[in-house]
């Protein structure tokens, strides 16, 4: 097999292994195309035998392919095929990529465009042979994709979820999220590629709107469940139940001198009661001064087990929104509570899904 095409050798090797596992199918020569119609030039042409029939795959190679990328590539591939329409050889459009997202896979299957990525996933439908091998994305790709859910980019998502049905500018989101315009711009690009963000207009007046929020939240949940849990420190406060600690904190912090919020099971119970008993209070603190004040006020001591107070260190953000319950207790937003519950033990994940069904619902 000649490998004259300018395609990542790792991709070609992976595709070859996938073809070898199929009956009556093997790869022939893969090479750069001199050009189609004097203008169009795919990344490569692959001669192959599929179910005993000679096939030529017209290939476009990419790094990562999301739904928006897939639509653009398919449009380009169809242009190639129109130029080749008069040939007697059977041509099949194909995308080779290090990663083809789930949304892009669904779209490509509908369009009958073949694809393969480094996970070993493979799809093509050629005459009487239909092949669909679905495998999870490679770990490296998972880690990269999860970046949009971490750090300052996650703050952009929180700000967007505050305005799920509204057209907003990048500067509005930057101010709301307390991050730089550059961070907002990069996050927007990721979201648009995944078809989670719609856009209209141009330049500084360009606006975006969050679309398919349930799909975005599903991906955020999966990222949390697959990743490393955030750091939580566990304490024991003598002779106090969670509601007693919450009452003590509210009373001592009457003027909001210290920046904190209630989250986890205690906050979820306030929003959407689910469990008959809550064993601990989870508090997110913003800054060392607040954390030290909280532990001193409650007389908390760190323990390896038997904790009734859990503290999460949060990143200070002056524009962070809190929700106030009817008793004027500070609660984290329903979205933040849901995400924090996903990292808790016991029945917290059940509680998270119950809360999501009641509080995180969009039209």
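The values are calculated or read from the model by the stated rules, or taken from the named source; none is laboratory data. Everything quoted here is computed from the prediction, not taken from an experiment. Cβ sites come from the backbone with ideal geometry, for glycine too, and all protein chains shown count toward neighbours.
List of remarks:
- Residue list for segment 171-182, filter: without any contact (Cβ under 8 Å) to a residue 60 or more places away in the chain, buried (at least 19 other Cβ atoms within 10 Å of the Cβ) and in a helix (DSSP H, G or I): 173, 174
- From 31, 2, residue being modelled with pLDDT under 85 and not assigned by TED's automatic domain parsing to the domain that holds residue 127: 2
- Residue check, residue 88 surrounded by fewer than 15 Cβ atoms within 10 Å (Cβ to Cβ) and in a loop (DSSP other than H, G, I, E, B): yes
- Unique match (being surrounded by fewer than 16 Cβ atoms within 10 Å (Cβ to Cβ) and part of a helix (DSSP H, G or I)) among 106, 69, 165: 106
- Whichever residue in segment 187-214 is touching a residue at least 24 places away in the same chain (Cβ under 8 Å) and surrounded by fewer than 15 Cβ atoms within 10 Å (Cβ to Cβ) and, among such residues, is farthest from residue 357 (Cα to Cα): 204
- Of all the residues in segment 216-242, those that are in a helix (DSSP H, G or I), surrounded by fewer than 14 Cβ atoms within 10 Å (Cβ to Cβ) and touching a residue at least 12 places away in the same chain (Cβ under 8 Å) number 2.
- Of the residues in segment 132-142, none is free of Cβ contacts under 8 Å to residues at least 40 places away in the same chain, out of contact with any strand residue (DSSP E or B) (no Cβ under 9 Å at 6 or more places or on another chain), surrounded by 15 or more Cβ atoms within 10 Å (Cβ to Cβ) and in a loop (DSSP other than H, G, I, E, B).
- Scanning segment 117-130 for residues that are surrounded by 18 or more Cβ atoms within 10 Å (Cβ to Cβ), touching a residue at least 40 places away in the same chain (Cβ under 8 Å) and touching a helix residue (DSSP H, G or I) at 6+ places or on another chain (Cβ under 7 Å) gives 118, 122.
- Any hit, segment 201-214, residues being touching a strand residue (DSSP E or B) at 6+ places or on another chain (Cβ under 9 Å), modelled with pLDDT under 90 and part of a helix (DSSP H, G or I): yes
- Across segment 244-268, the number of residues qualifying as in a helix (DSSP H, G or I) and touching a helix residue (DSSP H, G or I) at 6+ places or on another chain (Cβ under 8 Å) comes to 10.
- Restricting attention to segment 103-116 and to residues that are touching a strand residue (DSSP E or B) at 6+ places or on another chain (Cβ under 6 Å) and in contact (Cβ under 8 Å) with a residue 24 or more places away in the chain, the residue that is farthest from residue 49 (Cα to Cα) turns out to be 104.
- Residue that is modelled with the lowest pLDDT [pool: residues in segment 317-334 that are closer than 20 Å to residue 152 by Cα and surrounded by 19 or more Cβ atoms within 10 Å (Cβ to Cβ)]: 320
- One residue alone among 55, 95, 59 is assigned to a strand (DSSP E or B), more than 35 Å from the chain's Cα centre (by Cα) and surrounded by 20 or more Cβ atoms within 10 Å (Cβ to Cβ), and that residue is 55.
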